[in-house]
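Colleague: Dropping the structure in here first, questions after.
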Amino acid sequence: MTVFARACRSTLPVFVVALLMLGLPPAGLADEQRATDDEQRTTGEAPGAFVVEDGKVDPATYQGYLVYTRVCMACHGPDGLGSSFAPNLVRGAERLGWADFAGTIATGREVQPGQVMPSFADDPYVMGNIPNIYSYLRARGEGGLGRGRPKIIESMQETTEDIEEDNEAAAESADGA
Amino acid sequence: MLREIGYALTAAGLMAASVAYANDNQLELQQNPEFWATQLGNYQGNRFSELDQVNRDNVGELRSVWQFSTGVLRGHEGGPLYVGDGRLYIHTPFPNKVFALDLEDEGRVVWSYEPDQDSRVIPVMCCDTVNRGLAYADGRLFLGQADNTLIALDAESGELLWEVSNGDHTVGETNTMSPLVVHDKVLIGISGGEYGIRGHMTAYDVETGEQVWRGYSTGPDDEVLIDPETTTMLGEPIGEADLGVSTWPEGEWERGGGAPWGWVTYDPELDLIYYGTGNPGTWNPEQRTKDGEPVDNKWAITVFARDPNNGEVKWVYQKVPFDEWDYDGVNENQLIDIEYEGEQRKGLAIIDRTGFGFLLDRETGELLVAEKFAPETNWADDYDMETGRPNVNEQYSTYRQGVDVNTTDICPTAMGAKNMQPTAYSPRTGLIYAGINRICMNYEPFETEYVAGQPYVGATLTMMPAPTQEGDMEGRMGSFIAWDPVAGETVWKIDERFAVWSGALATAGDLAFYGTLEGHVKAVDIETGEELWRFKTPSGIIGNVNTFMHEGKQYLAVLSGVGGWAGIGLAAGLENPEDGLGAVSAFSALGDYTKLGGVLTVFALPD
């Protein structure tokens with residue numbers, strides 16, 4: 001975070017990264033655009049957007065942190081940094097890109113003997129949150145977000161509940177699938 | 001004196017002796033100081049050796065005589081067995097290979113065995129695919145595989161004699177523990193406390209693998225094998241029936257954990273086995289309340305004293321009723337004979353997950369001492385010696401702070417101030433030697449739903465180094481301590497950069513040995529803790545240093561190979577909350593010091 005925060009203070013107060021191929025407007029997290037964003041999130045079409053401002057993040061990225069810490073950290077170590085058991089995901093997310101990242105989580109993987117990445121296809125909570133996890137890991141990488149629990153950018157605070165609802169909706173649709 | 005008995009009995013004579021019970025053979029072997037016949041050195045769990053060929057004066061000359069790579073990358077816990085036949089018997093983490101190595105021929109493989117296991121068991125093992133080693137009796141080796149298959153091998157040939165299933169990995173049951181042979185039974189527990197399993201200890205017939213008894217950790221008395229009229233708690237009969245059901249919200253005991261995955265110890269005179277049970281199911285305490293109030297969640301985090309013949313429970317002591325921190329109570333119960341308030345007592349000492357060092361009377365289960373060995377411990381101020389309950393500090397009560405609230409700076413972490421790394425006890429000094437963890441945590445419970453075979457955790461946990469105390473080394477995350485179990489005091493300590501996750505060994509050569517996560521094996525003066533010797537193995541050590549004598553030569557041997565929960569938690573390093581922005585922390589990343597890979601290193605003095 002420190003490197004990025006310094007760069008950021010001297011240049012732009014807000015750093016927004018959105019996957020260009022998705023055509024998301026950089027300021028695309030304004031309230032009036034939530035609905036379309038949300039739809040794209042749940043259908044997996046707008047993954048990876050994140051906002052990092054002075055070490056704080058948008059609610060979706062924060063949600064990604066929570067899900068990462070609840071589900072993935074036990075193997076991949078704190079803050080996406082990897083462990084003696086499973087690889088660094090900050091680098092992994094960047095290298096794999098969205099499709100392979102999401103695909104790995106859905107199908108699992110076993111390349112090296114004795115190392116198994118489980119499939120989360122039957123876990124609606126994880127499946128519904130893959131875009132948020134991806135946002136979080138990209139924020140950690142490209143966005144220069146530091147270690148530990150980030151805070152939510154105050155002006156975006158109110159959208160936290162929407163994110164929770166999204167996830168429930170996502171969970172339900174994944175349940176039915 | 002013991003030595004003389006050892007010399008009088010030749011190894012061959014011991015092997016050939018026909019005995020009624022397998023454990024008679026085990027008992028004879030462990031009474032011979034030349035052998036290391038059970039993982040903890042003896043039934044009492046003392047990890048003490050009478051051998052003194054390697055001692056304070058010459059340990060500086062100790063050198064590696066050969067090394068053997070196991071070919072397995074995961075964390076290597078446990079250690080080699082030596083039963084006098086010129087071989088070392090070792091095991092590996094998943095896929096749980098077993099090797100018989102020729103001690104005289106630089107570790108030539110005499111035979112090896114590799115079970116065929118479903119690799120889907122790997123991701124349901126919460127904290128790496130570790131295994132704590134083999135058990136031996138009467139020419140047979142016993143191994144608890146990751147997938148819950150308990151097997152018996154012919155030690156001579158490596159041939160499979162029988163196998164039996166002790167659990168189902170598709171519902172999250174797994175095995176990491178070393179079995180223990182007592183009488184004609186082999187005892188084994190189970191892992192899976194993070195998957196909502198229902199823990200149990202089970203006895204199988206050594207000859208046939210047939211199940212003899214099973215005692216659950218939760219549920220109705222007839223399944224826990226408790227009789228409320230005769231089973232005691234703090235010296236009094238329990239009185240009330242079925243506390244293993246009534247101290248849970250409706251049905252929660254069925255996924256109430258209490259997995260006994262640690263070491264089992266045994267007192268041959270009292271004919272009782274001792275072990276501790278793990279955390280009570282989900283880490284979210286709110287989901288374990290009854291009518292909105294905390295309840296004890298019995299018999300999780302409980303010391304059990306059972307009759308090994310039928311499993312009946314003689315006494316229980318619940319160390320942490322209504323757990324709020326995952327203080328998994330499995331740490332080994334050291335059986336030690338001590339003088340307490342002028343009286344000889346049969347003691348039971350625990351260097352516990354909670355940061356407290358306990359001393360109990362092992363005949364009655366009465367609580368004698370409960371003092372902090374990890375000075376940063378703050379979740380409880382102390383124990384009420386009348387009720388045996390901790391006085392919990394409200395500020396660090398994750399239940400009081402609430403669901404979705406991040407309770408910060410709780411010491412120790414869920415890893416415990418000590419985890420599985422077994423301690424040593426020297427009857428000569430009366431002290432316990434223990435590798436400990438100096439790490440604290442933030443803990444945030446969240447609502448979780450039980451789905452068979454999926455993690456049932458319900459809390460996120462982040463860790464940081466424990467605040468440094470006066471006299472601590474800067475940047476330490478672990479220590480090796482000499483603990484007086486009666487006085488409840490640390491006599492000396494050595495700080496280490498990382499948690500000390502290896503087992504300790506004490507010897508009559510006035511030495512204590514341990515391994516570090518960077519990969520050093522160290523020998524220290526047992527009186528002062530002064531370092532006398534070190535050797536850098538190829539990877540971090542989470543195994544145990546064992547010692548034995550072959551053809552008049554004392555050897556030490558240790559498995560290195562980093563991993564386990566320590567490897568997962570510490571690989572990337574911990575952030576120091578006391579650092580300001582941009583400050584470079586003194587707390588290091590384990591990944592900068594060591595990488596994976598299992599190796600057995602055998603040491604001896606030069607000829």
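Colleague: Once R0 is set to 51 Å, what does the formula 1/(1 + (r/R0)^6) return for the Cβ-Cβ distance between B:V451 and B:E106, expressed as a FRET efficiency to the nearest 0.05?
Modeller: 0.55
Colleague: So for A:Y136, B:Y317, fewest C-beta neighbours within 10 Å to most, what's the order?
Modeller: Listed from fewest to most nearby Cβ atoms, that is B:Y317, A:Y136.
Colleague: Moving on. How shielded is A:71-79 by partner chains, expressed as the average number of their Cβ atoms within 10 Å of its Cβ atoms?
Modeller: Partner Cβ neighbours, averaged per residue: 6.
Colleague: Starting from region B:133-193, pick out the GluC sites (Glu not before Pro) whose DSSP state is loop and whose Cβ has at most 15 other Cβ atoms within 10 Å.
Modeller: In loop regions of region B:133-193 (DSSP not H, G, I, E or B), the sparsely surrounded GluC sites (Glu not before Pro) are B:E156, B:E159.
Colleague: Between A:D122 and B:E470, what FRET efficiency follows from the Cβ-Cβ distance if R0 is 41 Å, with the result rounded to 0.05?
Modeller: 0.20
Colleague: Using the structure shown, select from B:K97/B:K372; B:K314/B:K418; B:K346/B:K418 the pairs with a Cα to Cα distance greater than 28 angstrom.
Modeller: Those over the limit are B:K97/B:K372.
Colleague: Using Cβ counts within 10 Å as a stand-in for footprinting exposure, how do B:T601, B:T507 rank, fewest first?
Modeller: Ordered by Cβ neighbours within 10 Å, fewest first: B:T601, B:T507.
Colleague: Count, for each residue of A:110-121, the Cβ atoms from other chains sitting within 10 Å of its Cβ, then give me the mean as a whole number.
Modeller: Across the residues of A:110-121, the mean count of other-chain Cβ atoms within 10 Å is 4.
Colleague: Run down the lysines and flag those whose C-alpha is under 19 Å from the C-alpha of B:K290, throwing out any fewer than 8 positions away in its chain.
Modeller: Answer for B:K290, where 19 Å is the Cα cut-off: B:K298, listed by chain and number.
Colleague: Over what distance in Å are the Cα centres of region B:394-438 and region B:199-254 separated?
Modeller: Cα centroid to Cα centroid, the span is 26 Å.
Colleague: Counting other Cβ atoms within 10 Å of each Cβ, which GluC sites (Glu not before Pro) in region B:243-349 have at most 11 and sit in a DSSP loop?
Modeller: In loop regions of region B:243-349 (DSSP not H, G, I, E or B), the sparsely surrounded GluC sites (Glu not before Pro) are B:E250, B:E269, B:E341.
Colleague: Once both labels are modelled 7 Å past Cα along the beta-carbon direction, what's the A:Q112-B:K536 spacing in nm?
Modeller: Calculated label separation equals 2.2 nm.
Colleague: Put a dot 7 Å past each Cα toward the Cβ at B:D361 and B:N309; how far apart are the dots in nm?
Modeller: Label-label distance for B:N309 and B:D361, simple model: 2.4 nm.
Colleague: Can you return the lysines within cross-link range of A:K151? Criterion is Cα-Cα under 24 Å, with same-chain partners fewer than 8 residues away left out.
Modeller: Counting by Cα, and skipping residues close in sequence, A:K151 has these lysines nearby: A:K56.
Colleague: Further question: State, as an integer percentage, the relative contact order of chain B based on alpha-carbon contacts under 8 Å between residues 6 or more apart. Provide the component values of the computation, followed by the final result.
Modeller: On the way: 1831 pairs, mean separation 88.3, N = 607.
Result for chain B is 15 percent.
Colleague: How far apart, in nm, are the 7 Å Cα→Cβ label points at B:A586 and B:E293?
Modeller: 4.8 nm
Colleague: Moving on to the next point. Okay, which of region B:303-324 sit inside 17 Å, backbone N to the point 7 Å along the Cα-Cβ direction of B:K346?
Modeller: B:304-317
Colleague: List the GluC sites (Glu not before Pro) within region B:478-539 that fall in a DSSP loop (any state other than H, G, I, E or B) and whose Cβ has at most 13 other Cβ atoms within 10 Å.
Modeller: Details: sites: B:E489, B:E496, B:E518, B:E527, B:E530, B:E531; in loops: B:E518, B:E527, B:E530.
Filter output for region B:478-539: B:E530.
Colleague: Ok, one more. With r as the distance between the Cβ atoms of B:Q31 and B:E254 and R0 = 35 Å, compute the FRET efficiency 1/(1 + (r/R0)^6) and round to 0.05.
Modeller: That gives a FRET efficiency of 0.25.
Every read-out reported here was derived from the displayed coordinates using simple, explicitly stated rules and does not represent laboratory data. The structure displayed is predicted, hence computed values, not measured ones. Cβ atoms come from the backbone with ideal geometry, glycine included; neighbour counts cover every protein chain shown.
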